[in-house]
1. Could you give the dipole magnitude of the chain about its Cα centre, charging the beta-carbon of Lys and Arg +1 and that of Asp and Glu -1, in debye to the nearest 20?
2. With a 10 Å radius around each residue's Cβ, average the other Cβ atoms per peptide and rank 138-149, 68-79, highest first.
3. Which of the listed residues, T80, V112, N152, is farthest toward the dipole's positive end in the chain, when Lys, Arg count +1 and Asp, Glu count -1 at the beta-carbon?
4. What is the sum of charges, Lys and Arg at +1 and Asp and Glu at -1, for the other residues whose Cβ falls under 15 Å from the Cβ of R139?
5. Highest first, please rank the peptides 115-121, 42-48, 96-102 by the mean number of other Cβ atoms sitting within 10 Å of their residues.
6. Using the Karplus curve 6.51 cos²θ - 1.76 cosθ + 1.60 with θ = phi - 60°, what ³J(HN,Hα) values do you get for each residue of the stretch 116-123, in whole Hz, with x for Gly and Pro?
7. Quick one: what does P(r) look like for the stretch 4-158 with 10 Å bins over all Cα pairs, in whole %?
8. R78: net charge of surrounding residues, Cβ under 9 Å, Lys/Arg +1, Asp/Glu -1, itself excluded?
Amino acid sequence: MDSDVILSVPFMHPDAQRLVEEVQAEYVVRYGGRDNTPIDPQAFEPPDGLFLVAYRDGVPVATGAWRRRDDVEVFGTRRTAEIKRMYVTPQARGTGLARRMLARLEDTAADVGSEAMVLETGTAQPEAMALYESSGYARIESFGHYRWSPSNRCYAKRIARISSP
């Protein structure tokens with residue numbers, strides 16, 4: 001939609017934090033508790049990360065972020081970026097905003113040399129799994145804070161830029 005704009009903001013920006021709290025409330029409903037993955041706000045500062053907020057008519061309605069994860073190897077590379085805090089408010093769902101946010105995350109991570117995107121989600125988020133699978137993500141071995149959980153699902157996608165000779 002023409003009224004949507006996606007902006008880079010600091011992790012601690014009030015709009016970012018409000019939406020992070022909304023997604024945490026959704027995790028409580030879906031999983032019975034908050035996401036306790038350790039998060040360092042500095043991990044989302046360029047060039048090693050990025051935090052984005054999407055605004056619709058000036059109202060914050062979605063977030064998406066990535067941080068470098070050179071400890072996760074996929075597709076023969078450790079130049080990976082991990083997606084975090086993908087969230088679209090209920091009133092903005094079904095409009096393609098999540099897909100646009102995902103594309104922006106992939107592009108910005110590739111722009112700074114990441115070769116693959118990785119992420120953790122769970123079986124209580126079937127719409128997230130469907131988004132990632134329909135966007136070219138493949139299931140990979142579990143990693144991260146919840147790798148032990150039977151509901152954990154991890155995905156990866158190659159995003160490396162192809163160099164021209």
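Where a number appears in this text, it was derived from the coordinates with a stated rule and is not lab data. Just so we're clear, the structure is a prediction, and the values are computed from it rather than from any experiment. Positions of Cβ are generated from backbone atoms using ideal geometry, with glycine treated the same way; all protein chains shown enter the neighbour counts.
1. Details: 21 positive and 23 negative charges, 67 e Å.
That gives the chain a dipole magnitude of about 320 debye.
2. Working: 138-149: 14.2, 68-79: 16.2.
Result, highest mean first: 68-79, 138-149.
3. N152
4. Values: positive: R147, R153, K157, R158; negative: E120, E133, E141.
Its environment carries a net charge of +1.
5. Working: 115-121: 22.4, 42-48: 14.6, 96-102: 18.1.
Highest to lowest by the protection proxy: 115-121, 96-102, 42-48.
6. Coupling constants for the stretch 116-123: 8, 10, 10, 7, 10, 9, x, 5 Hz.
7. P(r) for the stretch 4-158, in whole percents per bin: 11, 43, 39, 6, 0.
8. Values: positive: R69, R79; negative: D70, D71, E73, E115.
Taking every Cβ under 9 Å from that of R78, the sum is -2.
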